[in-house]
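Here's the structure we're looking at; comments come further down.
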Amino acid sequence: MEIRASKESEFEEIINLICTVFVEKCRPRYASQIYHDSSFQPHQSRVCVVDGKIVSHIRVSDRAIHIGHSIVRLGGIGMVATLPEYRHRGYASALMQDSIVYMEKIGYELSLLFTTIQPFYMKFGWATFPQTNFELELGEKKQFEPSPWRVRAFDAETDLVQISQIYDEHNKIRSGTILRSKSYWRDTYSHQVGILPSLVAERDGTIGAYANFGFPTDLDGMDPFLATYYPNLREVGYHSQYPDSLLALCHAILTSTYKRDLTNLSGRLHRYHPLITLLSEESGSQPSFSLTERAMYRIVSLSSLFQKMIPELEKRLAGYRENSIPTSFCFILESQVSTLKINQGKVTVTNDNSGGTKVRIDTHRFLKVLFGDATFSQLEELNHFKGLRLEPNDIVTLDTLFPKGESMHWICDYF
């Protein structure tokens, strides 16, 4: 058994392996991840070779995500596959261990993957994180007043610059969202996996809002993965100065659904996104919500993560009334230890256990506070149960450092 980086001469063998394990009709998707992703380098594909044959594969996509105002580096795990006749021999496990070492060496702070076999990845330190789905059971069809905003199909030639600007504004401090470069927007790979929106709301040449919206029947001839696994509403963005454009988009989405005689609309947005409220109010229907935990994160480097977050942590401390009182927290996360020292509103990070208050926490709970899914005060009962008892003042400070928020990883950014 040999574990190593892939070679360019092996790309077709890798694609054939992926298609054998998953589904042949998604070959264009898998090929584009290798040939048409400008961020891809051969060393990102990790392979297990037995007797000269690639029998198992893992891809580590190079991405960056927002955590508040801070940007951290993320390794996206995907294309994990082992040939059927070579399973249960430890090859995939060996590749997972290799990917961890690889990400540590390259310098990632976080890793993310999506799966339905969570127990396998939990063994290697990944922990689940919730994502919110909504469904709207529509009643009688409704008609809407005309809007000064014209909702039309997206045009890649004329609209992409404005769309990317709206995306940047809409997600600049939204934790979990991918930082999308110009090449990311224009790569054939991104188009193949459905990153481009389908609808825009335009007025006098200005785009105020967009939506990545569609139905399975709209995707004939495109990536079958989109039609099989994605909900109707996959992404939305709008200019905060043009909220009426979002209303026009809402009306267009509902009208499109009515025209197909459909009574159900599904989507993946955070629970309090204004478009869900508009869809509910304008249709007269109440949404239902469900959580899926197919997303799993791993903390690759806790100390590096905290270092990258210093500007954001200091911004959060700026209005904290007790920020003049020196304090420190030693976070003990699985096998990683890092200390946050706070003095006069400034934060320093040390890679040791010198912090006065010991915060021993598992990855699952840490992810919740990191991405704002819960605060330390909300987790207090669970923390007590897990043996973590914090003083009231410490909880207040930690809630300031890690406040409640709505995180989002847009579904078309999957790896």
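The values are calculated or read from the model by the stated rules, or taken from the named source; none is laboratory data. Fair warning: this is a prediction, and the values are worked out from it, not measured in the lab. Here Cβ is always computed from backbone atoms with ideal geometry, including for glycine, and neighbour counts include all displayed protein chains. We work out accessible area using only protein heavy atoms, side chains counted, and drop any ligands, DNA or RNA first. Shrake-Rupley method; radii C 1.70, N 1.55, O 1.52, S 1.80 Å.
Quick notes on this one:
- Length gained on full extension, Ser377 to Tyr272: 35.7 nm, using 0.36 nm per residue less the C-alpha separation.
- Projected area averaged over orientations for the chain, convex hull of C-alpha atoms, nm²: 21.9
- Estimated at 0.36 nm per residue, the fully extended path between Arg360 and Lys123 surpasses their Cα-Cα distance by 83.4 nm.
- FRET efficiency for the pair His88 and Asn16, taken as 1/(1 + (r/R0)^6) with r the Cβ-Cβ distance and R0 = 30 Å, rounds to 0.90.
- What you get for the chain, charging only the Cβ of Lys and Arg (+1) and of Asp and Glu (-1), is a dipole of about 820 debye around the Cα centre.
- Ranked packing of 77-84, 294-301, most packed first, by mean Cβ within 10 Å: 294-301, 77-84
- The magnitude of the dipole of segment 84-243, with charges of +1 and -1 set on the Cβ of Lys/Arg and Asp/Glu and taken from the Cα centre, is near 420 debye.
- Modelled spin labels at Arg389 and Asn264, positioned 7 Å past Cα toward Cβ, are 4.9 nm from each other.
- Pair Lys142, Glu334: separation of 7 Å Cα→Cβ label points (nm): 4.7
- The calculated FRET efficiency for the pair Lys53 and Glu104, based on their C-beta separation and a Förster distance of 30 Å, comes to about 0.60.
- Cross-link check: pairs Lys7/Lys123; Lys346/Lys386; Lys308/Lys368; Lys53/Lys123 evaluated at a Cα-Cα cut-off of 22 Å; pairs beyond the cut-off: Lys7/Lys123; Lys346/Lys386; Lys53/Lys123.
- Close amide H contacts of Asp373 (hydrogens built in the peptide plane, cut-off under 5 Å, sequence separation of 5 or more or a different chain): Gly405.
- Heavy-atom accessible area per residue - the chain, 1.4 Å, Å²: 44
- Here the sum of -39500 (n - 2.57) over DSSP H runs of 4 or more residues, divided by the residues of the chain, equals -10000 deg cm²/dmol at 222 nm, to the nearest 500.
- Placing +1 on the Cβ of every Lys and Arg and -1 on the Cβ of every Asp and Glu, with no other charges, gives segment 64-153 a dipole of roughly 180 debye about its Cα centre.
- For segment 249-314, with +1 on Lys and Arg beta carbons and -1 on Asp and Glu, the positive-most of Leu262, Leu249, Ile310 along the dipole: Leu262
- Within a Gaussian network of the chain (alpha carbon springs, distance under 10 Å), most fluctuating of Phe289, Phe402, Phe129: Phe289
- Positive dipole terminus of the chain, leading residue within His57, Met296, Gln336 (C-beta point charges): Gln336
- Ranking Pro287, Ser190, Gly90 by Cα position along the charge dipole of the chain, where only Lys, Arg, Asp and Glu carry charges on their C-beta atoms, puts Gly90 farthest toward the positive end.
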